[in-house]
Amino acid sequence: MTGSTSIQGRLLALVGAGVFIAAGALSLLSRSSLLDLEREISLEHERFARFASGSLSAALADELRLLATVATASQIDLSDRSDAPEQTLLEGTIPYGRLWSSLFIVDESGRTVAAAPAHNRALLSSEALRGAAQHAIREQRPVVTNVIAAPGASPVVAGAVPFRPAEGRPGGAVAGVMTLPSRRLMALLQAAALDPGVRLEIVDGQEARLTASGAPPDGAARPSFTTPVEGTPWFVVMSNMGPGPLGPVATFRRRSLWLAPSLAALATLLAWGIARSVRRPLKGLTASAERIAGGDLEHSIDAPGSAAGGDEIARLATAVERMRRSLKQDIDQIERANQDLEQRVADRTHELNALNARLHERERIRQELLRKVISAQEDERKRIARELHDETSQTLAALGIGVDTALATSPESDTKRRLHDLRQLVNRMHQELHRLIVNLRPSVLDDLGLAAAIRGVADWQLGGTSTAVRCELDDLDALEARLPSEVETAVFRAVQEAIVNISRHACADSVLIQGSVDSGVLTLEVEDDGEGFDLARATGDSSSLRGIGLLGMRERIQIIGGSLHIESEPGHGTRLLITVPVAARTTRATGLGSDAAAGVSLP
């Protein structure tokens, strides 16, 4: 068995294909599930970032509302010369702020009117902070700044809420300052933290970091989402610092890269072992089956295991062994039966050969007897014809001469009239005798041959009737040597019988007789357009002698080795075809008499 067609190769291919298909399906399903999980985690992170941004935006909104409350307080009057009411207001408000580390009030000119705590007044006099307050005053809306870095001081961010100038009072802004890093802002961000593997950062519009949750960033940080903080130039940036929730997914993805090939290799190894365990006993069974197919039924087949507890291969081996034994017994019985049958056939063949030999001998004797009968018949015909010609015919001739003499000497009387009638009777008797002699044995057959004899009998039988006869026998006339006497006699008698039947029964208007010798075969055909007859009814009948003429014609032709074929239907005429092989027959020269012809033997 070759590798491409063996069970081992097929098992390996099937198991490998099954494993790869299953692994591929599992991989596709796992990949789809992992992608769904990643999308869910990503959506969860996005929602978390938006939640952190919303929380920060809400906290800043509360802080700006606190500033707006201060901006609408009645204690603020920038037209008087005293800053004490405003200072008292800020110092009383600052404990309520969650994010602001300092508060201050700035007028339209940028002068710091009040600050709390007071020791931060120098910081609050920063040009950048005053610029943010003045920007809020100009825009007349709350403003939150980016990170402001002051030389020699910690960076800060500020928020300012303007208040409109009242009648007789100048306008200004209340601002809050958050010093970075801010523990309060850090606590707010850590309160919204999702897990240690996710880092949240707050950056301003210039990507300066305000604060961050989790470990410090390193090269492995991968920003996932950036969400703006409403009402501020800030953004909340979420980054994956490590595996995080997607760690198992990534781990499974990495493991699947070597897990699928490992499983395939393991499955291939197991399939190879299974195929080998199946192939070895099957190989032995195959060799045994090939021996059985080659005709070796003597060697038994060993089953790999007991028949009762064995596997399918063992049961198959047991079944094949039973088949071998049964086949051997059947073959032995068939061989014995064949020997007996051959002996019986030989005995029957010997008996049949003996019977056939006896039948052939009887047929040979019958043919010989029939030939002798026909030959004797022809000889007797010749003898009778010769005697009629030599004796009876001469007697009639003498009687005619005597009648003629009597007529010549007799006077006119009743006697002369009677002699005249007698002369006519003698003439008819002479004609009938001549016709009888011709029918018995026409001398023209012996003197001039078959063609002349056929023309003579046709003219004799049909010449005085309304039937037109055409003989096409030039090929027979052109023969250099005469046909054998038995051939001419048999063929002539068959044609003579056919012509007599036509004259008696056919009522034909025309008759065609044609013959030839081609390639050593004599062919002679007699065809008429008469009434025809039913061949099935014209069979030989020993009781009624029906068809005895046809039977005699056929036997005469068969004796000389020829065949006679008759075609006829009622109302469609009759066709008689005679074929006789003459190539190997002995011929005789023209002019041999009838006595010489009678001595020619059959082949």
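General remarks:
- Residue within the stretch 427-448 that is at pLDDT 80 or above, farther than 30 Å from Ala494 by Cα and surrounded by 17 or more Cβ atoms within 10 Å (Cβ to Cβ) present: no
- Hits in the stretch 449-474 - residues which are in contact (Cβ under 8 Å) with a residue 40 or more places away in the chain and surrounded by fewer than 15 Cβ atoms within 10 Å (Cβ to Cβ): Ser466, Ala468, Arg470, Glu472
- Test set (1) surrounded by fewer than 17 Cβ atoms within 10 Å (Cβ to Cβ); (2) over 30 Å from Leu479 (Cα atoms) - Leu396 fails condition number: (1)
- The residues in the stretch 372-393 that are of a type outside the set (Val, Ile, Thr) and open to solvent by less than 50 Å² (accessible area, probe 1.4 Å) can be counted, and the count is 6.
- In the stretch 106-131, the residue that is modelled with the lowest pLDDT out of those that are open to solvent by 10 Å² or more (accessible area, probe 1.4 Å) and hydrophobic (A, V, I, L, M, F, W, C) is Ala122.
- Residue selected from the stretch 84-105 under the condition more than 14 Å from Val174 (Cα to Cα) and either in contact (Cβ under 8 Å) with a residue 40 or more places away in the chain or acidic (Asp, Glu) (or both), by the criterion surrounded by the most Cβ atoms within 10 Å (Cβ to Cβ): Leu99
- Test: residue in the stretch 240-254 that is modelled with pLDDT under 75, open to solvent by 100 Å² or more (accessible area, probe 1.4 Å) and over 30 Å from His45 (Cβ atoms): no
- Residues in the stretch 298-317 that are out of contact with any Leu (no Cβ under 9 Å at 6 or more places or on another chain) and open to solvent by less than 30 Å² (accessible area, probe 1.4 Å) were compared, and the one that is modelled with the highest pLDDT is Ala314.
- Selection within the stretch 548-602 - closer than 19 Å to Gly515 by Cβ, modelled with pLDDT of 75 or more and in a loop (DSSP other than H, G, I, E, B): Ile560, Gly561, Gly562, Gly573, Val582
- Test result for Thr539, modelled with pLDDT under 80, closer than 20 Å to Leu483 by Cβ, open to solvent by 20 Å² or more (accessible area, probe 1.4 Å) and not in a helix (DSSP H, G or I): no
- The set of residues in the stretch 505-522 that are open to solvent by 20 Å² or more (accessible area, probe 1.4 Å) and in contact with a helix residue (DSSP H, G or I) (Cβ under 9 Å, 6 or more places away or on another chain) comprises Gln514, Ser516, Val517, Asp518.
- Set Trp258, Trp272: member being modelled with pLDDT under 70, open to solvent by 90 Å² or more (accessible area, probe 1.4 Å), outside any loop (DSSP other than H, G, I, E, B) and farther than 30 Å from Asp204 by Cβ: Trp258
- Some residue of the stretch 51-70 being at pLDDT below 80, charged (D, E, K, R) and open to solvent by less than 70 Å² (accessible area, probe 1.4 Å): no
- Test for Leu185: is it more than 18 Å from Asp83 (Cβ to Cβ) and modelled with pLDDT of 75 or more: yes
The values are calculated or read from the model by the stated rules, or taken from the named source; none is laboratory data. Keep in mind the model is a prediction, meaning the values are calculated, not measured. Cβ atoms come from the backbone with ideal geometry, glycine included; neighbour counts cover every protein chain shown. What goes into the accessible areas is simple: the full protein's heavy atoms, side chains included, and nothing from ligands, DNA or RNA. Shrake-Rupley method; radii C 1.70, N 1.55, O 1.52, S 1.80 Å.
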